[in-house]
Amino acid sequence: IGSRPPSCQNKCNRCLPCQAVQVPTPDPKDEEAKRVSPAKDEGEAAALYSNYKPKGWRCQCGNKLFNP
């Protein structure tokens, strides 16, 4: 159940240590919808975020994030 951390070997260029971390992954489409037309009720808010994936994996070294 859930996702497995990616292998971050050679994913942070030459930065060490490179480790897998979970980060929030907002959908840009949903963010745009919020700016243009904020939800007026809970039903609209639920529709905006019905496909929302709260976290995703990235490789992190220091304060920089890299795609796995």
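The values are calculated or read from the model by the stated rules, or taken from the named source; none is laboratory data. What you see is a predicted model, and the numbers here were worked out from it, not measured in a lab. Glycine gets a Cβ as well: all are built from the backbone with ideal geometry, and neighbour counts include every protein chain shown. Ligands, DNA and RNA are excluded from the accessible area calculation, which covers all protein heavy atoms including side chains. Shrake-Rupley method; radii C 1.70, N 1.55, O 1.52, S 1.80 Å.
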For the pair Cys15 and Asn63, the simple spin-label estimate (label points 7 Å beyond Cα toward Cβ) gives in nm 1.1 nm
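So, counting K/R as plus one and D/E as minus one, what does the shell of residues with Cβ under 12 Å around Arg58 add up to? All intermediate terms of the calculation are to be shown ahead of the outcome.
Numbers: positive: Lys11, Lys55, Lys64; negative: none.
The answer is +3.
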The local net charge around Asn67, scoring Lys/Arg +1 and Asp/Glu -1 for residues other than Asn67 whose Cβ lies under 11 Å from its Cβ, equals +2
Ordering Arg58, Arg14, Arg4 by the accessible surface of their heavy atoms, 1.4 Å probe, largest first, yields Arg14, Arg4, Arg58
